[in-house]
1. Restricting attention to segment 77-127, which residues are of a type in the set (Gly, Ala, Ser) and either buried (at least 21 other Cβ atoms within 10 Å of the Cβ) or touching a residue at least 60 places away in the same chain (Cβ under 8 Å) (or both)?
2. Look through segment 68-101, keep the residues that are out of contact with any strand residue (DSSP E or B) (no Cβ under 6 Å at 6 or more places or on another chain) and polar (S, T, N, Q), and return whichever of them is farthest from Ile124 (Cα to Cα).
3. From the residues in segment 141-162 that are in contact with a Ser or Thr (Cβ under 8 Å, 6 or more places away or on another chain) and crowded, with 18+ Cβ neighbours inside 10 Å, which one is farthest from Ile59 (Cα to Cα)?
4. Which numbered condition trips up Ala152, out of (1) modelled with pLDDT under 95; (2) touching a strand residue (DSSP E or B) at 6+ places or on another chain (Cβ under 6 Å); (3) of a type outside the set (Lys, Arg)?
5. Would you check which residues across segment 30-57 are surrounded by 16 or more Cβ atoms within 10 Å (Cβ to Cβ) and part of a loop (DSSP other than H, G, I, E, B) and list them?
6. Condition first: closer than 23 Å to Ala142 by Cβ, surrounded by 21 or more Cβ atoms within 10 Å (Cβ to Cβ), hydroxyl-bearing (Ser, Thr, Tyr) and within 14 Å of the chain's Cα centre (by Cα). Can you find one or more residues in segment 9-29 that meet it?
7. Of the conditions (1) more than 18 Å from Trp148 (Cβ to Cβ); (2) not in a loop (DSSP other than H, G, I, E, B), Pro64 fails just one. Which one is it?
8. Among the residues of segment 112-128, write down those that are more than 17 Å from Phe78 (Cβ to Cβ) and part of a helix (DSSP H, G or I).
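The values are calculated or read from the model by the stated rules, or taken from the named source; none is laboratory data. Treat the numbers as computed from the prediction; the structure is a model and nothing was measured. Counting neighbours? That spans all protein chains shown, and the Cβs are built from the backbone with ideal geometry, glycine included.
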Amino acid sequence: MIFRTGLGYDVHPLVAGRPLIIGGITVPHTLGTLGHSDGDALLHAVTDALLGSLALGDIGQHFPDNDDAWKDMPSSIFLEKAINLVREKGFDIVNIDTVIILEKPKLKPYIPAIRENMARILSISPDMISVKATTHEKMGFAGEEKGWACQALVMVQKTEEK
């Protein structure tokens, strides 16, 4: 078997007047994400990790933020396109591990829905996706609620000869 890993990271500012979308789920909060697309840093990090696992570039190469075609686009579209590229190369997901860095709100009640939604987008089982959340202990941009960040690690394996 051939295995590959990919690492993704994304960060977005938090602002009033925008929704906070995490893993494709709208999380109620007074602040939301500023971004060219819907600003879903979790799906952006996973997209980058998938692309990176097979050296297929990064999210900015595939979906540039200076291209109006991607303006306000749901990040699920990016993730769908990334998994399709990975599958075209004959690979599929073994597992995904993620960390969301966000001071508020607490995400524990939303994590099951986030995992279910990501699994639906990727056509995999939710038990293949780990979503964890942590704070920055009130330090730095995330701790001061100026923004939020996500890290993602994916493992893929060769499923067929391509």
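1. Scanning segment 77-127 gives Ala82, Gly90, Ala113.
2. The extreme case among them is Ser75.
3. Result: Ala142.
4. Every condition holds for Ala152 apart from (1).
5. Quick first cut of segment 30-57, residues surrounded by 16 or more Cβ atoms within 10 Å (Cβ to Cβ) only: 31-33, 35-54, 56.
Leu31, Gly35, His36, Ser37, Asp38, Gly39, Asp40, Leu54, Leu56, listed by residue number.
6. No: zero hits.
7. Of everything listed in (1) more than 18 Å from Trp148 (Cβ to Cβ); (2) not in a loop (DSSP other than H, G, I, E, B), Pro64 misses just condition (2).
8. Residues of segment 112-128 that are more than 17 Å from Phe78 (Cβ to Cβ), as a first pass: 112-113, 115-116, 125-128.
Result: Pro112, Ala113, Arg115, Glu116, Pro126, Asp127, Met128.
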